[in-house]
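This report concerns only the one structure given below.
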Amino acid sequence: MPEPNEDIWDQMVQAGDAFATEEDYEHGYARVVRVDLQQHVVFRVGDETYGIPIAQIGEISKPMYTTPVPRTADFVLGIGNVRGVVIPIVDLATRLRLGQCHKAREARVLIVRHGGEQTGLLVDEVIGVMSIAPENLEEAPGALAGARGDFIRALARWEGRIIIILDLGTLLAPADFLALGVRRASGRGGRS
């Protein structure tokens, strides 16, 4: 029976267990730790997988009650209250023209920070966090230009999937948050 104050290492030596030493592990291998990896939160919208740099995400929450706001674009679900701060909540599937997010149990709201503002992005499911080396980020092909292509900052590969890294600058362009008729009227200097 071991003594109450006896060290675990002493107990193992008495039991005859062999220990690996520094020399056992020293084979001339140098462990390289990359400091240039970029972490991204990976999530699913419809059947597609997307990512946003983790530095742009303040928190992830369950879907919340939203109050509709008149004269906003169809992808704006409304405004929600996050710890006393009122922020717009966007259905990312509608914004990306993929239909609507399915408000299943796995649905989450990513609270993102861009341009000094916070916005909630409703997604179907948060998958995890991935680290990407800068050389593994690829530019989006030119054929993707246009309506949805403008939202793409880069593409990456992760666990056999292609991850679409979103550009929050174009995704959250303030002018797009107004309903189409309101945008046209305000572009002429009038009001609707």
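The values are calculated or read from the model by the stated rules, or taken from the named source; none is laboratory data. Being a predicted model, the structure only gives us computed values, none of them experimental. Backbone-built Cβ (ideal geometry, glycine too); neighbour counts: all protein chains shown.
Could you check, for region 93-108, whether at least one of its residues is hydroxyl-bearing (Ser, Thr, Tyr) and more than 18 Å from residue 48 (Cβ to Cβ)? Within region 93-108, not a single residue is hydroxyl-bearing (Ser, Thr, Tyr) and more than 18 Å from residue 48 (Cβ to Cβ). The conditions of being assigned to a strand (DSSP E or B), surrounded by 15 or more Cβ atoms within 10 Å (Cβ to Cβ), at pLDDT 90 or above and in contact with a helix residue (DSSP H, G or I) (Cβ under 7 Å, 6 or more places away or on another chain) are met by residue 41.
Using the structure shown, decide if residue 31 is at pLDDT below 95, farther than 22 Å from residue 87 by Cβ and among the basic types (Lys, Arg).
So residue 31 fits the description; yes.
Kindly check whether there is at least one residue in region 52-63 that is hydroxyl-bearing (Ser, Thr, Tyr) and touching a strand residue (DSSP E or B) at 6+ places or on another chain (Cβ under 7 Å). The answer is yes; a qualifying residue exists.
Listed here are the residues, each with its yes/no results for (1) surrounded by 14 or more Cβ atoms within 10 Å (Cβ to Cβ); (2) of a type outside the set (D, E, K, R).
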{"site": "79", "(1), (2)": "yes, yes"}
{"site": "110", "(1), (2)": "yes, yes"}
{"site": "116", "(1), (2)": "no, yes"}
{"site": "122", "(1), (2)": "yes, yes"}
{"site": "139", "(1), (2)": "no, no"}
